[in-house]
Amino acid sequence: MGNVIQFERPDGNSLNGYLAEAENPIGSVVVIQEWWGLNDQIRGVADRFARAGLTALVPDLYRGKSTVEQEEAHHLMDNLDFGDAASNDIRGAATYLKSRNIGSGKVGITGYCMGGALTVLSMMMVPEADAGVIWYGVPPLDYVDAAKIGAGRPLMGHWAEQDQAFPIASVDAFEAKLKEAGVDYEGYRYLAQHAFANETAVGPGRVAFTQYDPVWAQLAWDRTLRFFGQHLS
């Protein structure tokens, strides 16, 4: 459905991304990958946003690399400069979408697992972002300055109560920071494991601490579309 494009980062360097264009978009959204890379699954997420009326752009944070092996995914994630990814890769993607004045002209940011943590950092570092949705991923609290998100840009979070990668206690502390800073935030918790919205987290080949749950995934998706429909249209 989509195609590979090239856009410019704020530092002047170029980056590839996967762009899925909606026919009659209400706005647009930057979609941030899991630690696997820009693979078929995350391209499918972008396509799904496009079918729902949001043009979606996935920046290629790993520069063409992706994997199905947990050890290699961990290696790729560890070698990623999260600050640069948020302030240059993701901001460049948001600026590209903003420049095209798609629909309302507003741009959202959303990401899964590693991409969820990057969504938080991006809401602090990307002033072009109008709203954000986090899927079961949060950065270390020392890196979270919720005041930089501010009260005028709404944020939604989807969390798994049985998450072993991002324990719910860390979510408690994160949400306390958001409340203290007056961030416009709504959070939802699901009796699920990590990656509950990733339809490939099934069967004997899945990572042990992940498990797709179609019921919770659909509910979280519906809430996300309602949220972006409210704040990006």
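In the range 9-42, what residues are in a strand (DSSP E or B) and in contact (Cβ under 8 Å) with a residue 40 or more places away in the chain?
Initially, the range 9-42 is screened for residues in a strand (DSSP E or B), giving 14-20, 27-32, 37.
Matches in the range 9-42: LEU15, ASN16, GLY17, TYR18, GLY27, SER28, VAL29, VAL30, VAL31, ILE32.
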Task: Check on ILE5, surrounded by 20 or more Cβ atoms within 10 Å (Cβ to Cβ) and either out of contact with any Lys or Arg (no Cβ under 6 Å at 6 or more places or on another chain) or within 14 Å of ARG63 (Cβ to Cβ) (or both) - done: no
The lone condition GLN6 fails out of (1) farther than 24 Å from GLY229 by Cα; (2) touching a residue at least 24 places away in the same chain (Cβ under 8 Å) is (2)
Going through the range 60-71 in order, the residues found to be modelled with pLDDT of 95 or more, surrounded by fewer than 16 Cβ atoms within 10 Å (Cβ to Cβ) and either assigned to a helix (DSSP H, G or I) or out of contact with any strand residue (DSSP E or B) (no Cβ under 7 Å at 6 or more places or on another chain) (or both) are ARG63, GLY64
Pairs returned, first residue in the range 52-79 that is under 28 Å from GLU23 (Cα atoms), second residue that is at pLDDT below 95 and assigned to a loop (DSSP other than H, G, I, E, B), beta-carbon separation under 8 angstrom, 6 or more apart or interchain, are ALA56/GLY2
Considering residues that are closer than 18 Å to ASP130 by Cβ and β-branched (Val, Ile, Thr), the number found within the range 1-57 is 6
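Rundown of residues vs (1) closer than 23 Å to LYS148 by Cα; (2) at pLDDT 95 or above; (3) crowded, with 24+ Cβ neighbours inside 10 Å; (4) β-branched (Val, Ile, Thr), yes/no style:
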{"position": "ALA56", "(1), (2), (3), (4)": "no, yes, yes, no"}
{"position": "ASP89", "(1), (2), (3), (4)": "yes, yes, yes, no"}
{"position": "ARG100", "(1), (2), (3), (4)": "no, yes, no, no"}
{"position": "VAL120", "(1), (2), (3), (4)": "yes, yes, yes, yes"}
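Restrict the check to the range 93-101 and report whether at least one residue is part of a loop (DSSP other than H, G, I, E, B), free of Cβ contacts under 8 Å to residues at least 60 places away in the same chain and on the phi > 0 side of the Ramachandran plot. Steps first, please.
Of the residues in the range 93-101, the ones part of a loop (DSSP other than H, G, I, E, B) are 100-101.
Going one step further and asking which of them are free of Cβ contacts under 8 Å to residues at least 60 places away in the same chain, we end up with 101.
If we keep only those that are on the phi > 0 side of the Ramachandran plot too, we end up with 101.
Checked against the condition, which is being part of a loop (DSSP other than H, G, I, E, B), free of Cβ contacts under 8 Å to residues at least 60 places away in the same chain and on the phi > 0 side of the Ramachandran plot, the range 93-101 yields at least one hit.
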Among VAL4, VAL45, the single one that is in a helix (DSSP H, G or I), over 20 Å from VAL126 (Cα atoms) and at pLDDT 95 or above is VAL45
For ASP84, the lone unmet condition from (1) within 27 Å of ASN24 (Cα to Cα); (2) free of Cβ contacts under 8 Å to residues at least 24 places away in the same chain is (1)
Given the conditions (1) in a loop (DSSP other than H, G, I, E, B); (2) within 17 Å of TRP135 (Cβ to Cβ), every one holds for ALA86 apart from (1)
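The values are calculated or read from the model by the stated rules, or taken from the named source; none is laboratory data. The structure displayed is predicted, hence computed values, not measured ones. Here the Cβ is made from the backbone with ideal geometry for all residues, glycine too, and neighbour counts use every protein chain on show.
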